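Below is one structure, written out as structure tokens; comments come after it.
Readers should treat all values here as calculations from the given coordinates under stated rules, not as data from a laboratory. The model shown is predicted, which means the values in this text are computed figures rather than measured ones. Ideal geometry is used to build each Cβ from the backbone, glycine not excepted, and the neighbour counts take in all protein chains shown.
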Amino acid sequence: MKQKTDYGHFDDARSEFVITDPLTPVPWINYLGNTRLAAFISQQAGGLAWHIEPQQRRLTRYHSLPAPGDRPGFYVYVRDEDKGTVWNPHFAPTCQRLDAYECRHGLGYSQFAGERDGVRVGVRYFIPPGDDVMLWDVTVENRGSAAKTLTLASYVEFSILEFMRELYWCYLKNHIGFEFHPGENWIQYNYHVFEAPFTPAIFFACTRPVDGFDCSRDTFCGRGGSLERPAMDLTGSQLPGGGHGCGSLGVKLKLAPGRSERFAFLLGVADDWEAAARLKARIDVDTAFAALQTYWRGKTDVFQVATGDAHFDRCVNVWSPLNCQVTLERTRDLSTDHVGVDGLRFRDTMQDALAGATFNPEFAAGRIRLVLSSQARDGSGNFSFYPFERKLRVNLEPVRCDNAVWPIMSVANLVNETGDLSFFEERLPYRDGGEASVYEHILVGLRHIDTRRGPTGLPTLFHADWNDGLAVFRDEHAESVMLGMQMVYAAGLFRDFARRLGREADAAWCEEMAAHYRTVCNSDAVWDGAWYRRLLLSNGMKLGTRQRAEGQIYLEPQVWAVISGIGDHDGRGRQAMDAVYERLNTARGLCICAPPYTGIPTPQDPLIGNAPGTGENGSIFCHANTWAIMAECLLGRGDRAYEYYRKMLPSVAAEEVGQEHWGREPYVFNSTVIGPAQKNDFGRGGISWLTGTATWMYIAATQYMLGIRPTVEGLRVTPCLPSHWRKVRVTRRFRGRSYAIDLGPTVLVDGRPLKGDAVVKGN
């Protein structure tokens, strides 16, 4: 299976991934942004930009399905006026030969360097934290022995802001306009679509006077031309009456040998044109990039570790915080895989806030507020919601029975990080009227789940719980073992805070509820003799039992039995995790179930849903693997936890099976990996970047393996390390103070031994 093709490598000293071959198996992207203006950009400079959210504020176009994919993007064209050659420093879209190429994806920026015939062009793309402008910092250098006459031209293709209205292009093309304004040295995008909810001021500018421009895509490409073979004549075309608008600004340069020039293109958005002019005027490229670096240092410096394992360290220190922050901002709305029409998802966004609470608590708290404000008075959640529209809109179906179990987990981590119990008392609205405190939102959500018990006493499934694939059984009255276990865990968290807040009656209810689910989950209806069953169907059939030919064991109930403490009964949690190791473990991670289904609900029936070894049907579902790491740490088995953790690391997977076979970015997590049932594709990565794997891997590494867990009182340090780690140093910033923590046989905090399970007090 292992293939030798490599497309890049890590530069740990600069916290970058360096791509040296632009023809990666799929686009390997990076995200740029400041929580308002955002973009993703690939190793070929393909990508798109949006403001606030991508359904009604999409600034540029991107097409992922036609071949070639990953078009268009944020392009710089270079024309050698003496030779007539046209090329791109990022290779695409002309795809002309380059003498040298590299793309460096870093924290909030991507930097390209392309060279041809003695001319080197570097472009660094980034969005500063304080300003809604995307900067293309361009440097041109003549490394040859003769003078060069060059034309450099930008290209960005504007979208109708309301993405779905692109389907009505023939009408709405007349509701937009594109004009060049010499005084501001910018192309102005005028948006006046009928009934548009937003009409921002969008501009594309240059920091030096331009020598030509085009506002028309068709003119830039030329009759019969394309982005691969553009005319690039910069004839001054404008589209005040609408059409396919583009931002192409041209700069002509004459460079003697050894000389260089530097300038920048700016894609910006503001509320009006006066604000846009002020934004453009105050931008200094170097100051903006320094602010970006300071911003990311503030995130990554919260938790730094040195174990001697480069894969582990770079993930925890750099790439996991980046992945978590992007996922918290974007939930599942827009990537090269997601088309950007989902809004924010209720349970996904709440889980994404779990890790974000560690290094960005203010933003995580804002996301938690948005999620809870989309909850109904009866405690029910929703599949997804659109908080940035003028009136909140929600998608109520499909119904996920587990929505309300997640908020206490993220709120607990946030409050433990900050020590601020008053967050529970904040008042937030319900989507259907009225308001309640954060505490009451959580409580009514847990009660909503608990009141919908099935005949065995477990919560009913509705369309699905966390495992979306269970919807294929089409049994809304089935009972979820996983959710019953999660309710025990949630009850324990909520009980402790209820007592701190003097709500003894609520704490007692939590105890009663947890006792009920513990009893049911350890009954003969759920315990299968060596592991816990997954789902109790309303027709009496059970999933996750040895009595079935397929789907005999599922991963989720085994791990949650340990996390919730249900598996403490007669050592069942340890026994169940041993069954996981024996029956679900592969070279690339733990399968979500085995054997995978070839028919639903039996092999004699036709297959519905995912093919065997993919998705929820026997793939290595990375999100669930994170809970297995946590479970093994709770069992005190550090070597097994470490084994599972390393298998999830994309850098390890890409190294072991080859970057070509792995396919996806080696620096961010995937949602799934194809399982062994697909022999040729086994070990190939699935959807990347926007996945719950990101947040839970960060929690598994920092709070369980390294064992540094925030509590209201302070940091509790209970590591569960692999046996071969001899010396581990962690630097943890907590409530305004930085601690140096050495993990080993004796735990040292700032050089002094920490006795037993003591707590490091925060300021």
**Request:** Can you tell me which of 62-73, 672-683 comes out highest on packing, and rank the rest after it, using the mean Cβ neighbours within 10 Å?
**Result:** 672-683, 62-73
**Prompt:** Any idea which of G692, V302, A376 is furthest toward the positive side of the dipole for the chain, if Lys and Arg beta-carbons carry +1 and Asp and Glu beta-carbons -1?
**Reply:** V302
**Fill in**
Computed D for the stretch 142-181, Stokes-Einstein, Kirkwood radius over alpha-carbon pairs, 10 °C, 1.306 mPa s, to the nearest µm² per second, is 113
**Prompt:** Placing +1 at every Lys and Arg Cβ and -1 at every Asp and Glu Cβ, with all other atoms neutral, what dipole size does the stretch 338-429 have around its Cα centre, in debye to the nearest 20?
**Reply:** 340
**Prompt:** Which values of log₁₀ I(q)/I(0), to two decimal places, follow from the Debye formula for the stretch 75-297 at q = 0.08, 0.16 Å⁻¹ with a uniform point scatterer at every Cα?
**Reply:** -0.30, -1.16
**Message:** Quick check on packing: order 328-337, 136-145 by the mean number of other C-beta atoms within 10 Å, highest mean leading.
**Reply:** 328-337, 136-145
**Message:** If the only charges are +1 at each Lys and Arg Cβ and -1 at each Asp and Glu Cβ, what is the size of the charge dipole of the chain around the Cα centre, to the nearest 20 debye?
**Reply:** 920
**Fill in**
For D82, the net charge from surrounding residues (Cβ-Cβ under 15 Å; K, R +1; D, E -1) works out to +3
**Prompt:** Can you give the extra length, in nm with one decimal, that the chain gains between R390 and V18 once fully stretched, where that is 0.36 nm per residue apart less the Cα-Cα distance?
**Reply:** 129.8 nm
**Fill in**
Taking the convex hull of the alpha-carbon atoms of the stretch 128-204 and averaging its shadow over every direction gives an area in square nanometres of 8.5
**Request:** Using +1 at the Cβ of each Lys and Arg and -1 at the Cβ of each Asp and Glu in the stretch 126-232, identify which of G130, G225, F158 lies farthest towards the dipole's positive end.
**Result:** G225
**Complete:** Highest mean packing first, using Cβ neighbours within 10 angstrom, the peptides 588-595, 355-362, 196-203 sort as 588-595, 355-362, 196-203
**Asked** Along the charge dipole of the stretch 457-552, Cβ charges K/R +1 and D/E -1, which of H463, G492, M513 sits furthest on the positive end?
**Response** G492
**Asked** The list (1) 0.99; (2) 1.48; (3) 0.94 gives values of Cα Rg over 2.2 N^0.38 Å, and only one came from this structure; which label was calculated from it?
**Response** (1)
**Computed helical MRE - 222 nm, the chain, DSSP H runs ≥ 4 contributing -39500 (n - 2.57), nearest 500** = -8000 deg cm²/dmol
